[in-house]
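Here's the structure, in structure tokens; my notes come after.
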Amino acid sequence: MATVVMTSLDSKSRAFSRGLSDIKIRNLFIVPTILFLIIFNIFPLIYSLGYSFTDFRASTNAPANFVGLRNYRELLNDPFIWSNFAITAKYVIVSVAGQVIVGFGTAMLLNRDIPFKGLLTTLLLLPMMLSMAVVGLFWKLLYDPSFGIINHALGFGRFEWLSNPDMALYAVAITDIWMWSPFVMLLSLAGLSAVPKHLYEAAAIDRAGPFYTFFRITLPLVAPILMIAIIFRTMEAFKTFDLAYILTSQPTTEVISIRLYKMAFQEWQTGRSCALAYIVLIMVLAITNIYVKYLNKVKER
């Protein structure tokens, strides 16, 4: 039986009796959403862009003076800002790489017939459902040198994870990996389940080894959805603030978001902080654009 597609309102419906057309009903849903985005997203974005060209300070009543590109010029010539960007880049690489390895590896283990597969998948997704603040405080206790479980389990004695300048950033990255690997796992599991089974059967008939099957069948077919996961996680890791701020206050963990927070709400350099926010935005967009271009190339193969 052919499926009937409704292209107009039912003459007996209440909306029809009130004289509401399809377009009016559509607008009733779309217009409030557009207004919400304009008020809470687009307007602050444009407003802060204007402030980025001034010397405005929110802590004083002094008027904002237009300074042109001075804020951008000073920030781009500031070695401390570039140090923050270097710390952020290091954090992004370690965190995202760890999430991809752990998440994709876990998805490979779950992509088979095992008992309680649904329950295991649900339990593994729990970390990403928790609040950043809760995760940060929870792992701060785990890293504690006196009674932390991690040192006890690894036999490290009273090792200082968060107070050690060389290890603090890696400790924050490990926490982020624990929290967001399930996100990569979920997307990877969806991609793995979509791989046609007959390809594996044909490879088995041809006596292909596990490495050949993985690199010639599994990875190429899952690569597009894996790239999407990498794009999202790179964007979020570049903007990370909560975990690094809650876990430690080491200078070696001062990612660019923490520097931006201090500049805006501790030093009250509002105009300059707005300029820094736009520099971060441009960098995130540039990195995302590179990923998207690579994603398109992967899809064309």
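The values are calculated or read from the model by the stated rules, or taken from the named source; none is laboratory data. Worth saying up front: this structure is predicted, and the values here are computed from it rather than measured. Virtual Cβ from ideal backbone geometry, glycine too; neighbours counted across all protein chains shown. Note: accessible area is taken over every heavy atom of the protein model, side chains too, but ligands, DNA and RNA are not part of it. Shrake-Rupley method; radii C 1.70, N 1.55, O 1.52, S 1.80 Å.
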| request: Measure out, as a whole number of angstrom, how far apart the alpha-carbon centroids of the range 256-289 and the range 97-128 sit. | output: 35
| Whole-number accessible area per residue in Å² for the range 79-300, which is evaluated in the context of all protein chains at 1.4 Å | 54
| remark: On the formula 1/(1 + (r/R0)^6), with r taken between the Cβ atoms of Leu45 and Ala208 and R0 of 51 Å, the FRET efficiency rounded to 0.05 is 0.50
| request: At 7 Å along the Cα-to-beta-carbon direction for both Arg158 and Arg216, put a label point, then send me their distance in nm to one decimal. | output: 5.8
| Gaussian network model of the chain, Cα springs within a sub-10 Å range: biggest mean-square fluctuation belongs to which of Val100, Val67, Val222? | Val67
| Each label point is 7 Å from the Cα along the Cα-to-Cβ direction; what then is the distance between the points at Asn77 and Ala62, in nm? | 2.0
| query | Taking springs between alpha-carbon atoms closer than 10 angstrom, which of Ile25, Ile81, Ile230 fluctuates most in the Gaussian network model of the chain? | reply | Ile25
| Most positive-pole-ward Cα, Asn27, Ala173, Ala58, against dipole of the chain from beta carbon charges | Asn27
| query | For Lys24, which lysines qualify as cross-link partners when the Cα separation must be under 20 Å and same-chain residues fewer than eight apart are set aside? | reply | Lys12
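Carbon and sulfur atoms: what percent of the 1.4 Å accessible area of the chain do they account for? Mind showing how you got there, number by number?
Values: 12900 of 18760 Å².
Looking at the chain in its full context, I get 69 percent from C and S.
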| query | What does a probe at Tyr261 reach in the range 164-203, counting residues whose amide N is under 20 Å from the point 7 Å along Cα→Cβ? | reply | 164-180
| said: Whole-Hz ³J(HN,Hα) for each residue in the range 43-59, computed from phi via Karplus 6.51 cos²θ - 1.76 cosθ + 1.60 with θ = phi - 60°, x for glycine and proline: what do you get? | reply: 4, x, 5, 5, 4, 5, 4, x, 5, 5, 9, 10, 9, 5, 10, 6, 7
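Are there chymotrypsin sites (Phe, Trp or Tyr not before Pro) in the range 140-187 that DSSP puts in a loop and that have at most 16 other Cβ atoms within 10 Å, and which ones?
Values: sites: Tyr143, Phe147, Phe156, Phe159, Trp161, Tyr170, Trp178, Trp180, Phe183; in loops: Tyr143, Phe147, Phe156, Phe159, Trp161.
Loop-located and lightly packed - Phe147, Phe156, Phe159.
Would you mind calculating the gained length between Ala190 and Ala97 on full extension (0.36 nm times residue separation, minus the Cα-Cα distance), in nm to one decimal? Write out the running numbers ahead of the final one.
Values: separation 93, 0.36 × 93 = 33.48 nm, distance 1.95 nm.
Net length gain for the segment: 31.5 nm.
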| Using modelled backbone amide H atoms (1.01 Å from N, in-plane), which distant-in-sequence or interchain residues come within less than 5 Å of Thr54's amide H? | Val67
| Cα-centre dipole for the chain with unit charges at Cβ (Lys and Arg positive, Asp and Glu negative), debye to 20 | 800
| remark: In whole angstrom, the spacing between the Cα centers of the range 148-187 and the range 31-47 equals 38
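Fully extended, how many nm does the chain gain between Tyr200 and Ile228 (0.36 nm per residue separation, minus their Cα-Cα distance)? Mind showing how you got there, number by number?
On the way: separation 28, 0.36 × 28 = 10.08 nm, distance 2.42 nm.
Full extension from Tyr200 to Ile228 adds 7.7 nm.
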| ³J(HN,Hα) across the range 193-200 via Karplus (A = 6.51, B = -1.76, C = 1.60, θ = phi - 60°), whole Hz, x for Gly/Pro? | 5, 8, 6, x, 5, 5, 5, 5
| For the range 74-91, Karplus couplings with θ = phi - 60° (6.51, -1.76, 1.60), whole Hz, Gly/Pro x | 5, 5, 6, 9, 8, x, 5, 5, 5, 5, 4, 5, 5, 4, 5, 4, 4, 5
| request: Taking only Cα atoms and a 10 Å spring cutoff, compute GNM fluctuations for the chain and point out the largest among Glu201, Glu267, Glu254. | output: Glu201
